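Reviewing the structure listed below.
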Amino acid sequence: MSADTPQDSPQAAPSPLGGNGTAAMSPGDEAPPGTPGTGESICRTCGGSGRDPDRRICPECNGTGKVTVGIGGA
């Protein structure tokens, strides 16, 4: 296979901004970025690489390697 085949070429990560200019949530996020009581964590699915084992963009973090999670326990 040549390096130009679709499965070998890297995919561009989605825009970090939602349609209204705010930070978009990834499927693995527990809350929108910046929500009080949350913080960034390394994506458990890709281990922070932003890629799945087939080198495609991770579906949980949308290729960022980070997810927003709750940091408190009440």
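Since every read-out is calculated from the coordinates, none of them should be taken as a lab result. The model shown is predicted, which means the values in this text are computed figures rather than measured ones. Neighbour counts are summed over all protein chains in view; Cβ atoms, including those assigned to glycine, are modelled from backbone coordinates with ideal geometry.
Taking amide H atoms as placed 1.01 Å from N in the peptide plane, the amide H of residue 38 lies under 5 Å from those of 71, each 5 or more residues away in sequence or on another chain. Label zone of residue 24 (point 7 Å out along Cα→Cβ, amide N under 14 Å): in the stretch 32-46 this covers 33.
Residue-wise HN-Hα couplings along the stretch 54-68, as the Karplus relation 6.51 cos²θ - 1.76 cosθ + 1.60 with θ = phi - 60° gives them from phi, are 8, 6, 8, 4, 4, x, 7, 10, 6, x, 7, x, 10, 10, 9 Hz; Gly and Pro carry x.
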